[in-house]
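The values are calculated or read from the model by the stated rules, or taken from the named source; none is laboratory data. What you see is a predicted model, and the numbers here were worked out from it, not measured in a lab. Cβ placement follows ideal geometry from the backbone for every residue including glycine, while neighbour counts extend to all protein chains displayed. In case anyone asks, the SASA skips ligands and DNA or RNA and just uses the protein heavy atoms, side chains included. Shrake-Rupley method; radii C 1.70, N 1.55, O 1.52, S 1.80 Å.
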Amino acid sequence: MSRVILVTGAASGIGRAITSRFLGEGERVVAVDLDQAALEQARREAWADAGERLLAVVADISQAEQAESA
């Protein structure tokens, strides 16, 4: 497929599960979360084989300037 999935709250809970599911299906994913340490941990533990299909971004999307730069 040629789409890019944006997942917010990607480092834990439902967001992490959704990110894992889409990566498992071969999709490209932008994983966004406030918690840099948790995002890095999820990348190491759950998404290590995603390679270039995953872009992990630390941002608070409730802040317009951070959402725009993400």
Quiz item: List the pairs whose first member sits in the range 32-48 and is among the basic types (Lys, Arg), whose second member is at pLDDT 95 or above and surrounded by 14 or more Cβ atoms within 10 Å (Cβ to Cβ), and whose Cβ atoms are under 6 Å apart, counting only residues at least 6 apart or on separate chains?
Solution: Arg43/Ala56
Practice problem: Please specify each residue of the range 8-31 satisfying the condition of being in contact (Cβ under 8 Å) with a residue 24 or more places away in the chain, within 18 Å of Asp49 (Cα to Cα) and not in a loop (DSSP other than H, G, I, E, B). | Solution: Arg16, Thr19, Ser20, Leu23, Arg28, Val29, Val30, Ala31
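Suppose we keep only residues that are of a type outside the set (A, V, I, L, M, F, W, C) and touching a helix residue (DSSP H, G or I) at 6+ places or on another chain (Cβ under 8 Å) within the range 24-38. Which one would you say is most open to solvent (accessible area, probe 1.4 Å)? Walk me through how you get there before you give the answer.
Applying the first criterion (of a type outside the set (A, V, I, L, M, F, W, C)) to the range 24-38 yields 24-28, 33, 35-36.
Checking which are touching a helix residue (DSSP H, G or I) at 6+ places or on another chain (Cβ under 8 Å) leaves us with 26-28, 33.
On the way: Gly26: 40, Glu27: 3, Arg28: 105, Asp33: 22 Å².
Here the answer is Arg28.
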Practice problem: Out of the residues in the range 3-23 that are out of contact with any strand residue (DSSP E or B) (no Cβ under 7 Å at 6 or more places or on another chain) and among the hydroxyl-bearing types (Ser, Thr, Tyr), state the one that is least open to solvent (accessible area, probe 1.4 Å). | Solution: Ser20
